[in-house]
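A short worksheet on the structure shown next.
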Amino acid sequence: MLRIHFSGADLGRLRLAAQPDVMWETVLSLHQLVLPDPFFAPWNRLARKALVDTGAGRDVHLLTTLAPISSYFPDFLTPPGHSTDFDGAVDEVLSTGRGRLRPEIDRLAGSHSRPPAWLDDIGAGRPRALRRLGSALRRYHATVLAPYAPEGAERAGREATRHAQRTLEQGGEALLSGLGPGLRWRPPVLEVVYPVDQTLELDGRGLLLVPSFFCHNHPIAFADPGLPPVLVYPVARSPLWIPRAANGETNGQGLDDLIGSTRAAALRFLDTGHSTTTLAASLCTSIATASRHAAVLRRAGLVATERLGSSVVHTRTALGTALVHGG
């Protein structure tokens with residue numbers, strides 16, 4: 001549990017960012033790359049393929065080592081304040097002083113039985129190691145985040161606007177009461193469901209609330225309570241995100257890349273009800289194989305199956321149709 005203690009002045013110093021922070025999104029997307037929520041499964045598949053195609057394996061290994069999903073990651077990866085300029089934010093990360101790099105990297109290394117040697121190079125602020133980190137961040141962002149950034153920012157922006165309107169109409173306590181599941185306002189403490197016990201005393205510094213598209217399961221704050229107080233919270237999600245690249249394309253070859261060419265063909269074919277036998281004939285495959293593909297699509301909510309007499313009939317759902325047509 002994370003307990004954020006408000007003083008009398010802190011409610012008046014609540015700030016609500018209108019857009020996600022680019023470095024928090026980058027770090028939190030790495031968590032969705034390693035262990036995705038179901039909502040992110042389509043993006044995860046596209047991202048993994050793109051990273052393989054661009055030969056970014058070493059970059060991903062470096063970044064996921066620095067920002068593990070199940071334990072501490074250094075605060076310097078997400079500089080205080082709020083930034084929507086990715087290149088500027090990376091420059092700020094790389095300009096972190098050695099007096100901060102060393103203790104944060106040492107804390108991270110302590111969670112590894114055999115920390116890689118390059119971690120020590122980053123902790124020492126060696127220019128070559130920091131340049132390598134900057135290159136990995138920029139390549140990863142360009143490959144799997146930049147193509148979808150407008151959609152993520154638009155969703156998060158809608159959420160922030162809704163919260164801002166509520167704050168204007170009802171005040172800061174209404175905002176804290178309605179940020180979402182996993183948070184409970186018990187004046188003067190905001191309780192946040194959290195994997196570790198942590199207390200944050202605001203002491204009149206106020207609190208910056210930052211919406212996040214990629215935030216994993218629960219809000220997140222800096223590990224160091226001495227940094228300017230920030231709480232990154234997940235925006236509301238629909239059951240599944242069908243990623244739409246900046247050029248607006250979601251179907252065609254992209255559908256094949258997302259779920260596999262055979263299942264994509266099955267999903268396109270099942271715009272009306274068809275038996276397993278008919279589906280197998282359309283896919284030029286065995287009935288058993290067609291049945292397995294239909295079962296996978298059904299578990300994903302893309303196909304509905306019902307028995308009619310002696311036949312099993314599969315029909316595309318509304319979600320499946322949206323996927324086919326990019327809705």
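³J(HN,Hα) across the stretch 294-309 via Karplus (A = 6.51, B = -1.76, C = 1.60, θ = phi - 60°), whole Hz, x for Gly/Pro?
Values per residue, Gly and Pro as x: 5, 5, 5, 5, 5, 5, 7, x, 8, 9, 10, 10, 9, 9, 10, x Hz.
Please compute the length gained on full extension between residue 165 and residue 268, using 0.36 nm multiplied by the number of residues separating them and subtracting their Cα-Cα distance.
32.9 nm
What's log10 of I(q)/I(0) for the stretch 1-104 at q = 0.17, 0.19, 0.24 Å⁻¹, Debye sum over Cα points only, no solvent?
Taken in order of the listed q values, log10 I(q)/I(0) reads -1.01, -1.18, -1.38.
Would you mind working out the magnitude of the charge dipole of the chain relative to its Cα centre, with +1 at each Lys and Arg C-beta and -1 at each Asp and Glu C-beta, to the nearest 20 Debye?
Numbers: 34 positive and 30 negative charges, 160 e Å.
Rounded to the nearest 20 debye, it is 780 debye.
Between residue 64 and residue 282, with labels modelled 7 Å along Cα→Cβ, what's the label distance in nm to one decimal, could you check?
The answer from the label model is 3.6 nm.
When you have a sec, figure out the Kirkwood radius of the stretch 2-234 from all distinct Cα pair distances and drop it here in Å to one decimal?
Details: mean 1/r = 0.0541 Å⁻¹.
One over the average 1/r among Cα pairs gives 18.5 Å for the stretch 2-234.
Measuring from centroid to centroid over Cα atoms, what is the spacing of the stretch 1-45 and the stretch 140-168 in Å?
That distance is 11 Å.
Pop out the ³J(HN,Hα) list for the stretch 146-155 in order, Karplus 6.51 cos²θ - 1.76 cosθ + 1.60 with θ = phi - 60°, rounded to Hz; leave Gly and Pro as x.
3, x, 10, 4, x, 5, x, 5, 5, 5
What is the sum of charges, Lys and Arg at +1 and Asp and Glu at -1, for the other residues whose Cβ falls under 13 Å from the Cβ of residue 204?
-1
Please name whichever of 267, 283, 308 sits farthest to the positive end of the charge dipole of the stretch 253-325, dipole taken about the Cα centre and charges placed at Cβ: Lys and Arg +1, Asp and Glu -1.
In the stretch 253-325, that residue is 308.
Could you give the dipole magnitude of the stretch 253-325 about its Cα centre, charging the beta-carbon of Lys and Arg +1 and that of Asp and Glu -1, in debye to the nearest 20?
Charge dipole, the stretch 253-325, about its Cα centre: 180 debye, nearest 20.
Could you give the nm distance between label points at residue 275 and residue 50, where each point is 7 Å from its Cα heading toward the beta carbon?
Simple spin-label model gives 4.3 nm for this pair.
Evaluate the Debye formula for the stretch 152-226 with equal point scatterers sitting on the alpha carbons, no solvent, and hand back log10 of I(q)/I(0) at q = 0.17, 0.23, 0.25 Å⁻¹, in q order, two decimals.
Here the Debye-derived log intensity ratios amount to -0.75, -1.33, -1.47.
Mind giving me the FRET efficiency for residue 295 and residue 39? R0 is 25 Å, r the Cβ-Cβ distance, nearest 0.05 is fine.
On the way: r = 21 Å, r/R0 = 0.86.
Result of the calculation: an efficiency of 0.70.
When the convex hull of the C-alpha atoms of the stretch 152-305 is computed, what volume per residue in Å³ does it have?
Per residue, the Cα convex hull of the stretch 152-305 comes to 175 Å³.
Could you list the square roots of 5 times each eigenvalue of the Cα gyration tensor of the stretch 51-96, that is, the equivalent ellipsoid semi-axes, sorted largest first and rounded to whole Å?
One finds semi-axes of 21, 16, 9 Å for the stretch 51-96.
Toward the positive end of the charge dipole of the stretch 8-156, about the Cα centre and with charges on Cβ (Lys, Arg +1; Asp, Glu -1), which of 32, 94, 115 goes farthest?
115
If you take the charge dipole of the chain about its Cα centre, with +1 on Lys and Arg Cβ and -1 on Asp and Glu Cβ, which of 77, 67, 105 is farthest toward its positive end?
Going by the Cα projections, it comes out as 67.
Suppose each label sits 7 Å from its Cα in the direction of the beta carbon; what would the residue 128-residue 84 distance come out to in nanometres?
Label-label distance for residue 128 and residue 84, simple model: 4.0 nm.
Based on the Cα coordinates of the stretch 253-325, what is the per residue volume of their convex hull in Å³? Walk me through the intermediate numbers first.
On the way: hull volume 5.5 nm³, N = 73.
Spread over its residues, the Cα hull of the stretch 253-325 gives 75 Å³ apiece.
Every read-out reported here was derived from the displayed coordinates using simple, explicitly stated rules and does not represent laboratory data. Owing to the predicted nature of the structure, the values given are computational and were not obtained by experimental measurement. As a convention, Cβ positions derive from the backbone with ideal geometry for all residues, glycine included, and neighbour counts pool all protein chains shown.
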